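Scroll down for the structure; my scribbles are underneath it.
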Amino acid sequence: MSQEITVDFSEQIAKAQTKIDRLQAMIHDVRDQKIVLDDIKNNHIPRDTKLGFNLGGVYKCFIKIDVGTLIPLLEQNIEDNTALIHELAKELGIEVK
């Protein structure tokens, strides 16, 4: 006598897809931040020049910031987000080089 066993993986699949979407968004954001950082450094923009940015997230706003302040913030953000990318990829079983 055989029995039918039904397993619903939809919740696990949804959680994994959410993590994948977040990972892709973070990779895109870090790539953009690296481009901005390289652009600022390679174009030798004076450190007292103010740049404006639209910030997103829960609260959306526009800020102006000195390049001298922006560079270390971008570098730290890239480093922190890269660590999060590696952690999230590891959770998903993705090997990152």
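No lab work stands behind these numbers, since they all come straight from the coordinates. Small disclaimer: the values here were computed from a predicted structure and weren't measured. Methodologically, a virtual Cβ is constructed for each residue, glycine included, from the backbone with ideal geometry; neighbour enumeration extends over all protein chains shown.
Can you tell me which of (1) in a loop (DSSP other than H, G, I, E, B); (2) under 19 Å from ILE94 (Cα atoms) is the one GLN24 doesn't meet?
Every condition holds for GLN24 apart from (1).
Considering only segment 22-43, I want to know if a residue exists there that is small (Gly, Ala, Ser) and more than 14 Å from the chain's Cα centre (by Cα).
No, every residue in segment 22-43 fails to be small (Gly, Ala, Ser) and more than 14 Å from the chain's Cα centre (by Cα).
Of all residues in segment 49-67, how many are of a type in the set (Gly, Ala, Ser) and in contact with a Ser or Thr (Cβ under 9 Å, 6 or more places away or on another chain)?
Qualifying residue count for the region: 0.
Out of (1) assigned to a helix (DSSP H, G or I); (2) exposed (fewer than 10 other Cβ atoms within 10 Å of the Cβ); (3) not small (Gly, Ala, Ser), the odd one out for ILE5 is which?
Looking at each condition in turn, ILE5 falls short on (1).
Quick one: how many residues across segment 55-75 are closer than 28 Å to ALA89 by Cα, without any contact (Cβ under 8 Å) to a residue 12 or more places away in the chain and not in a loop (DSSP other than H, G, I, E, B)?
Counting residues in segment 55-75 that are closer than 28 Å to ALA89 by Cα, without any contact (Cβ under 8 Å) to a residue 12 or more places away in the chain and not in a loop (DSSP other than H, G, I, E, B) gives 3.
Check GLU75, GLU87 and return the single one that is within 30 Å of GLN17 (Cα to Cα) and surrounded by fewer than 13 Cβ atoms within 10 Å (Cβ to Cβ).
The conditions single out GLU87.
Cβ-Cβ below 9 Å, separation at least six or inter-chain, first residue in segment 20-36 and within 15 Å of PHE53 (Cβ to Cβ) and touching a residue at least 24 places away in the same chain (Cβ under 8 Å), second assigned to a helix (DSSP H, G or I) and among the polar types (S, T, N, Q): which pairs?
Every condition considered, the pairs that remain are ASP29/ASN77; ASP29/ASN81; GLN33/ASN77; GLN33/ASN81.
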